[in-house]
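> Take a look at this one; I'll ask things after.
The values are calculated or read from the model by the stated rules, or taken from the named source; none is laboratory data. These numbers were taken from a predicted model, which means no experiment stands behind them. Glycine gets a Cβ as well: all are built from the backbone with ideal geometry, and neighbour counts include every protein chain shown.
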Amino acid sequence: MSDNNLNTNETAVITANESADLRGHCAEVKSMPQSLTEQTPVAPVVITPGPAVVKVPVVLAEVNITIPVEATIKLDQEALEIKRIRKNVFLTQSRIIPFSQDDRFGTGILFIAGFIRKNIEFATKTCRSYGSPNICGDIRHCTVEVPFNFTTRITFIRPPVFLANFAPVEVEFFSDKNKSCDSCADPVIGRNICDQGFFNTEFFNEKPFTELVRADIAEVDIHTDPYKDCHTPTEQLFTKLTEKVVVNLTLKVLQNQQVRVTALN
């Protein structure tokens, strides 16, 4: 056997050993048991019994709203089928105006905006065996945001507390030293034209806010402009899909208010 064959065999053995080492390190796991730490109970410090005033979030209204949404999504690659869609709802705007109209007292207008975050996992077609219906491909994903917004009238369980600012009050000062150009005339008595005062009061109200309690999403995905391969008539490829979505939101409108409570013994 020549030296070249020996070198080739040695190189192949070294390469195989290195690959085995890399494969072993790829799934290496190190664990360490943790000891149990002792804890000591601590008695809470509480206020004395009797009436107290606390500032807590008070529920103004709790509503259930249904929103229809339609969106068209274009994927970055041809898809064979949708494998999974993970959906999460986020709110980006929440505004409330306590406005009562006609005989509907104790109501307000709620403005909401947000989006549905969707992570779409889909199968692709990367290769196909000619003369065979078998198809191979990869699993890709695409994350999109589907926006929505709506306005609705809500009825308050408890009305929000708002204090309106007063109009500025002008304060005038008396003066008996106003003199005219005539040195022989008497001084002019009345308002001091050199000084002027104002009194202004400004209230800083607690802003109502919204909590997202629950979100239910039902949807239908329609493949837009799909096309088929003559060799695989049971499969079709597409890059666009139209979604018809129904979002059902449960919202809670709150405001921080001062509430009198009684501390028990």
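> Just name the residue that is nearest to the chain's Cα centre (by Cα) out of those in segment 51-100 that are among the β-branched types (Val, Ile, Thr) and closer than 14 Å to PHE115 by Cβ. Quick ask: steps written out before the conclusion?
Quick first cut of segment 51-100, residues among the β-branched types (Val, Ile, Thr) only: 53-54, 56, 58-59, 63, 65-67, 69, 72-73, 82, 85, 89, 92, 96-97.
Going one step further and asking which of them are closer than 14 Å to PHE115 by Cβ, we end up with 67, 69, 73, 89, 92.
Numbers: ILE67: 17, VAL69: 17, ILE73: 21, VAL89: 7, THR92: 5 Å.
Only one residue fits best here, namely THR92.
> Only one of these is small (Gly, Ala, Ser) and free of Cβ contacts under 8 Å to residues at least 40 places away in the same chain: SER94, SER35. Name it. It would help to see each step written out before you state the result.
On the way: SER94 fails: free of Cβ contacts under 8 Å to residues at least 40 places away in the same chain.
None of the other options fit; the residue is SER35.
> Take residues that are at pLDDT below 85 and of a type in the set (Gly, Ala, Ser) and tell me which of the strands (runs of 3 or more DSSP E) falling wholly in segment 81-175 contain 1 or more. It would help to see each step written out before you state the result.
Working: elements: 81-97, 107-123, 139-155, 169-171.
Result: empty, no element qualifies.
> Hey, does segment 241-264 have a residue that's surrounded by 11 or more Cβ atoms within 10 Å (Cβ to Cβ), outside any strand (DSSP E or B), outside the structural domain of LYS87 (by TED's automatic domain parsing) and over 21 Å from the mean Cα position of the chain (by Cα)?
No; the residues of segment 241-264 include none that is surrounded by 11 or more Cβ atoms within 10 Å (Cβ to Cβ), outside any strand (DSSP E or B), outside the structural domain of LYS87 (by TED's automatic domain parsing) and over 21 Å from the mean Cα position of the chain (by Cα).
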